[in-house]
1. What ranking of S42, S99, S319 emerges when the number of other C-beta atoms within 10 Å of each C-beta is taken as an exposure proxy, fewest first?
2. So, in Å, what gap is there between the alpha-carbon centers of the stretch 268-306 and the stretch 146-214?
3. Within the stretch 109-151, name every residue whose backbone N is under 20 Å away from a label modeled 7 Å from Cα of S373 along the Cβ vector.
4. Which residues in the stretch 75-117 have a backbone N closer than 18 Å to a point placed 7 Å from the Cα of T55 along the Cα-to-Cβ line?
5. Going by amide H atoms built from the backbone, whose H comes under 5 Å of the H on M289, apart from near neighbours?
6. Provide the percentage of antiparallel DSSP beta bridges, counting only those with both residues in the chain; round to the nearest 5.
7. Can you work out the Karplus-derived ³J(HN,Hα) for every residue in the stretch 108-125? Use 6.51 cos²θ - 1.76 cosθ + 1.60 with θ = phi - 60°, whole Hz, and x for glycine or proline.
8. For L206, what charge total do you get from the other residues with a beta carbon under 13 Å from its beta carbon, if Lys and Arg give +1 and Asp and Glu give -1?
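Every number in this text was worked out from the coordinates using simple rules, so none of it is lab data. From a predicted model like this one, the values you see are computed outputs, not experimental measurements. Don't worry about glycine lacking a Cβ; one is built from the backbone with ideal geometry, like all the others, and counts go over all protein chains shown.
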Amino acid sequence: MKISRFFTLRASAIALAAMLALASLCAPLGGATASTTTLDPSLPAVKIGAAGPYTGDVAKIGLDGLNAIRMAVEEANAVGGIHGRRIEIVEADDAADPSKAILVAEKLAMDRNVLGVVGPMNSATAQAALPTYQRAGLPIISQSATYPPLTEMNYKVMHRICPRDDSQGPASARFIVEELKASHVYIIDDKTTYGQGLSDQVEAALKKAGVRTTRGQITMEDRDFAPILTRVRAANPDLLYLGLANPAQAAALIKQAAGLGMKLPLMGGDGLKEKDQLITGSAGLAEGMYVTSIGKDIREVPEAQEFIVKFEARYGALSVFGGQSYEAANILIDAMRRASDDPMKLTRANVMAALAATSNYQGILGFPISFDSRGDVVGARIYVYQVKDNDFVAVADYLAEVER
C-alpha cells in the first residue's frame, strides 16, 4: 500500500509539472494580462476578424500578418481565452482591393459574435471599409494603414498602432535634406492610397525645405518600367524616391534601372522593408537603398525575441508587419478582457470603449502603446534603415510628430 501510494503521488507530481511546463510554453508573449484559467466549452466562442490581403500581389505580407494573429489567439486560448470563452478568428481576405474590403467588412459586421477586427492592413482597403465598420459599431485596429485621413473623419471605430504618413513623410524628407544633401528628388508613386499619399507627404516636406521635386506614376499592375525610368534618367535627379506598396514591384523596377545603366541613390517607404521581396528579389541591387519604418525593427527589441523564435520555427522568415499584427491582436484581446468581467456581457460597444482606453500597453514593439482621441498611436518613432550586406541596418530615427 505504501509503495502504491508513493508511485501514485509521484505520478501526480510529474503530471502536474508537465501541465505547468505546457502552460509556461503557451503563455502569451505580449503585454496582455490574464489570469490562467480554462476554456468553458459551455460558453459560446467570441470572434475576432482578421482582414487583410491573403491573396494577390502583397499576399506574402498579409499571410505573415495572419499567421501572427493566429499565434496570438492560440496563446490567449491556452490561458483561458476571454474569461473562459474560446476566441475564434474569422479570416477575411480583401486581396488589397478596396471593393473586396467593403464585402469583407459587411461579412464581419453581419456576424454579431465578431466583436473586433485586426486590420485592414492597407490604407485603401481601410478607407473603403470604414463606413461599414462605423455603421456596425465594430471596432478595428490596423497594424499598418498609415493614410492620415483614416483617423480624421470621426470614425470612432478606427484605431491604429502605426504612425501616420504625415509623420513618416516629413521624417523621410528631413533625412533626405540633412543626411543625403539632395537638391533634386524624383518621386514615383503607384497611384494607391498608400503610395500616392505617402509620396504627397514626402514631396510637400521636400518643397518646404527648398528641394526641387519631379513626379511620376506607375500602377501596381505595371511590369515594364522602361518609360518611367527613361524620364527619370533624363531628369538626372540626386535621388529616386519610390512610393510603392509592393516590395516585389520595387525590386523589379530596381533591376530594370540597373539594366539601363542607371546608378543613383534610392529611398522608399515602410511598405518596402521586406527582406525576401526587396533585397533578395532585386538580386542584391537594392544595396545602399534607404527605407523608412513605422517602428523599430522588432529584431532589435529584446521583448520580441521569443515571439520571433516561435514564429520563424513555425512559419519561416518574418516579414515587415508580422510583429505589428501580433501586437495588434494582443491589444484587441487585452481590450476584450478589460471590457467586462462577465464573459456574457461583452459587446462591440464596450470592447470599443476598452480599446480606445488602451494606455501604456507593453508588448513587443519596444515602446508603450496608447491611443489619442482620434485612435492614433502615441509615442511612436520613424526609423530609417539602409540596405547593407543583404540586410536592413538602422541609420537614423525621428519622433513621429504630426503638425495639426
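1. S42, S99, S319
2. Cα centroid to Cα centroid, the span is 18 Å.
3. Zone members listed by number: 148-151.
4. The answer is 90-108, whose backbone nitrogens lie closer than 18 Å to the label point.
5. V387
6. Working: 16 of 48 bridges.
If I count the DSSP bridges inside the chain, around 35 percent turn out antiparallel.
7. 5, 5, 6, 8, 5, 7, 7, 9, x, 10, 8, x, x, 8, 9, 4, 5, 6
8. It works out to a net charge of +2.
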